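Participant: One structure, pasted below without further comment.
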Amino acid sequence: DLNPRPHPLDRALEAARRAVDLAPSNHLAQQALAVALFFRKETASCLAACERALELNPLDGSNEAIFITWFAGDYTRGCDLIRWGMELNPHHPRWYGAVLAMDEYRRKNYRAAVDAAVKANALDLFWTHWLLAAAYGQLGETQTARKSLDDLFALREDFERSGRALMEKWFRPDLIEHFVEGLSTAGLKLPPAI
């Protein structure tokens, strides 16, 4: 959306493949390929590129393949990799914990999702607030859910209009609808899927 030139995903994939061709043993090239494939929704190829990136540099706790694996739908492996990345680097990005909180939500462990989101302490990320709003909504804690929505709108005032499109970039359809259900219970009305 930010790039005015046509076909940005095609160009990204072409550039990533060129990087892999030029440096087949470079894990960063494989990460770039995994990311391009992820956003093109080419899941099997994305996961293969993630595994190759991890294989090439098994001690990189900040490897994008760690979280892309989860977002691509290999949730168990993704969580294992995120936890491993957190162990490798005690100063890991706080959003690693936010992804673990999303996994608790995905598994319908709403209280655990809240606890994991609070523990992650990534309050500067609007994702944290949408997760908290959805989880509190699922728990029936509407007042706290509304407070989380207010915090979400403070960081992303257009979320009611753009939230579904944003989720569609990152999440699988079943998880999107699960989030939408929780957010609706919290009082947020997102536009229907197209």
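Participant: Of (1) without any contact (Cβ under 8 Å) to a residue 12 or more places away in the chain; (2) under 18 Å from the mean Cα position of the chain (by Cα), Gly85 satisfies all except one. Which?
Facilitator: (1)
Participant: Regarding the stretch 101-117, can at least one residue be identified that is among the β-branched types (Val, Ile, Thr) and surrounded by fewer than 21 Cβ atoms within 10 Å (Cβ to Cβ)? Reasoning before the result, please.
Facilitator: Here is the first cut: in the stretch 101-117, the ones among the β-branched types (Val, Ile, Thr) are 114.
Then keep just the ones that are surrounded by fewer than 21 Cβ atoms within 10 Å (Cβ to Cβ); that gives none.
So far as the stretch 101-117 goes, no, none of its residues is among the β-branched types (Val, Ile, Thr) and surrounded by fewer than 21 Cβ atoms within 10 Å (Cβ to Cβ).
Participant: Considering only the stretch 148-169, I want to know if a residue exists there that is touching a residue at least 40 places away in the same chain (Cβ under 8 Å) and either open to solvent by less than 70 Å² (accessible area, probe 1.4 Å) or touching a strand residue (DSSP E or B) at 6+ places or on another chain (Cβ under 8 Å) (or both). Reasoning before the result, please.
Facilitator: Keep residues of the stretch 148-169 that are touching a residue at least 40 places away in the same chain (Cβ under 8 Å), which gives 169.
The next check asks that each one be either open to solvent by less than 70 Å² (accessible area, probe 1.4 Å) or touching a strand residue (DSSP E or B) at 6+ places or on another chain (Cβ under 8 Å) (or both); those that pass are none.
No - not one qualifying residue is present in the stretch 148-169.
Participant: List the helices (runs of 4 or more DSSP H) inside the stretch 72-178, counting only whole elements, that have at least 1 residues being within 27 Å of Thr43 (Cα to Cα) and modelled with pLDDT under 95. Before you say what the answer is, go through the steps one by one.
Facilitator: Working: elements: 75-88, 95-106, 110-120, 126-139, 142-155, 159-170.
Those helices (runs of 4 or more DSSP H) span 75-88, 95-106, 126-139, 159-170.
Participant: Restricting to the stretch 1-48, what's the tally of residues that are more than 21 Å from the chain's Cα centre (by Cα), open to solvent by 80 Å² or more (accessible area, probe 1.4 Å) and closer than 19 Å to Trp170 by Cα?
Facilitator: Here the count works out to 1.
Participant: Hey, another quick one. Would you point out which residue out of Ala120, Ala116, Ala154, Ala134 is closer than 23 Å to Asp74 by Cβ, of a type outside the set (Asp, Glu) and touching a His at 6+ places or on another chain (Cβ under 9 Å)?
Facilitator: On the way: Ala120 fails: touching a His at 6+ places or on another chain (Cβ under 9 Å); Ala116 fails: touching a His at 6+ places or on another chain (Cβ under 9 Å); Ala154 fails: closer than 23 Å to Asp74 by Cβ.
Of the residues listed, the single one that is closer than 23 Å to Asp74 by Cβ, of a type outside the set (Asp, Glu) and touching a His at 6+ places or on another chain (Cβ under 9 Å) is Ala134.
Participant: Looking for whichever is closer than 26 Å to Leu37 by Cβ and in contact with a helix residue (DSSP H, G or I) (Cβ under 7 Å, 6 or more places away or on another chain) here; the options are Trp127, Trp84. Which one fits? Outline the logic, then answer.
Facilitator: Details: Trp84 fails: in contact with a helix residue (DSSP H, G or I) (Cβ under 7 Å, 6 or more places away or on another chain).
Being closer than 26 Å to Leu37 by Cβ and in contact with a helix residue (DSSP H, G or I) (Cβ under 7 Å, 6 or more places away or on another chain) holds for just one of Trp127, Trp84, which is Trp127.
Participant: Which ones in the stretch 179-194 are outside any loop (DSSP other than H, G, I, E, B) and of a type in the set (Val, Ile, Thr)? So that I can check it myself, show each step before the final result.
Facilitator: Residues of the stretch 179-194 outside any loop (DSSP other than H, G, I, E, B): 179-186.
The answer is Val180, Thr185.
Participant: Scan the stretch 13-28 residue by residue and report those that are part of a helix (DSSP H, G or I) and either farther than 18 Å from Phe67 by Cβ or in contact with a Ser or Thr (Cβ under 9 Å, 6 or more places away or on another chain) (or both).
Facilitator: First, pick out the residues of the stretch 13-28 that are part of a helix (DSSP H, G or I): 13-22, 27-28.
Within the stretch 13-28, Leu13, Glu14, Ala15, Arg17, Arg18, Ala19, Val20, Asp21, Leu22 meet the criteria.
Participant: I'd like the full set of residues that are open to solvent by 70 Å² or more (accessible area, probe 1.4 Å) and assigned to a helix (DSSP H, G or I), limited to the stretch 52-71.
Facilitator: Arg52, Glu55
The values are calculated or read from the model by the stated rules, or taken from the named source; none is laboratory data. Quick caveat, the model's predicted, so the values are computed rather than measured. For neighbour counting, all protein chains shown are included, and Cβ atoms are generated from backbone atoms with ideal geometry for every residue, glycine included. Protein only, heavy atoms only, side chains kept; ligands, DNA and RNA dropped before computing areas. Shrake-Rupley method; radii C 1.70, N 1.55, O 1.52, S 1.80 Å.
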